[in-house]
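Working notes for the structure below.
The values are calculated or read from the model by the stated rules, or taken from the named source; none is laboratory data. This structure is a prediction, so every number in the text was calculated from the model and none was measured. A quick note on method: Cβ atoms are made from the backbone with ideal geometry, for glycine too, and the neighbour counts reach across all protein chains shown. We work out accessible area using only protein heavy atoms, side chains counted, and drop any ligands, DNA or RNA first. Shrake-Rupley method; radii C 1.70, N 1.55, O 1.52, S 1.80 Å.
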Amino acid sequence: LFDLGGETSVTAYAIVGRMLMFALFPVFGVTQGFLPIAGYNYGAQQYNRVKKTIYTAISYAAGLATLVFILLMIFPEAITRLFTSDANVIAQTPSAMRWVFAATPIIAIQLIGAAYFQAVGKAIPALLLTLTRQGFFFIPLILILPKFYGEIGVWISFPIADVLSTIVTAFFLKREVALKLNTNIG
């Protein structure tokens, strides 16, 4: 970012990064609350409860993520002003924030899906699905897209990684529910 947009871009990223961490805390909270409930019911072979817990957790986490998304889409400049009074940063950060948070409403599927595999003791799928966003998609995208799109390539790497990791996780979660939770009614 420094090479593409200087200190202003780095500052914008710092603000967006703090907002990513802070704004998604409620979604992470739902995910952490989901883990023991899903794990307990899976261990008790109450597979209908596990399915219900998955859908409930995704619904609540997606609702919270959508609320965060709406607030950040409507008030990015006001949020930026909480962090700085630098006019250049205030001018650049709202656009970056909108790009970074563009796929926020669907992130719940990825987080709950990866957490499900952790809750039921499937460590390898849980690890791989957790790594899909940051490791498998985001890092390659952040290295490739700026070469073609400049600074905007950095910002669009975030929602593209979110969408791709959500698609992968949704596929595996749906398959797991169909194969394991639907065939073993408890």
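Cα-based count: Lys pairs in the chain below 17 Å, eight or more positions apart or different chains?
7
Nearest 10 degrees, 0 to 90: what angle lies between the long axis of helix 107-119 and the longest principal axis of the chain (Cα atoms)?
Tilt of helix 107-119: around 40 degrees.
Quick one: dipole size for the chain, taken about the Cα centre, charges +1 on Lys/Arg Cβ and -1 on Asp/Glu Cβ, in debye to the nearest 20.
The dipole magnitude comes to about 860 debye.
Can you compute the charge dipole magnitude of the range 119-186 about its Cα centre, using +1 on each Lys and Arg Cβ and -1 on each Asp and Glu Cβ, nothing else charged? Give it in debye, rounded to the nearest 20.
Charge dipole of the range 119-186: 240 debye, to the nearest 20.
Summing +1 for each Lys or Arg and -1 for each Asp or Glu, what net charge is found among the other residues whose Cβ lies under 13 Å from the Cβ of Ser95?
Local net charge: -1.
On average, how much accessible surface per residue is there in the chain, in Å², for a 1.4 Å probe, leaving out ligands, DNA and RNA?
Using a 1.4 Å probe on heavy atoms only, each residue of the chain averages 52 Å².
Any chance you could give the angle, 0 to 90 degrees and rounded to 10, that helix 47-74 forms with the longest Cα principal axis of the chain?
10
Taking only Cα atoms, what is the 0 to 90° angle, nearest 10, from helix 139-149's long axis to the longest principal axis of the chain?
40
Kindly provide the helix-only [θ] at 222 nm of the chain, computed as the sum of -39,500 (n - 2.57) over DSSP H runs of four or more divided by all residues, to the nearest 500 deg cm²/dmol?
-26500 deg cm²/dmol
Taking 8 Å as the Cα distance limit and 6 or more residues as the minimum spacing, I'd like the relative contact order of the range 123-162 as a percentage.
Numbers: 21 pairs, mean separation 16.0, N = 40.
Dividing the mean separation by the residue count of the range 123-162 yields 40 percent.
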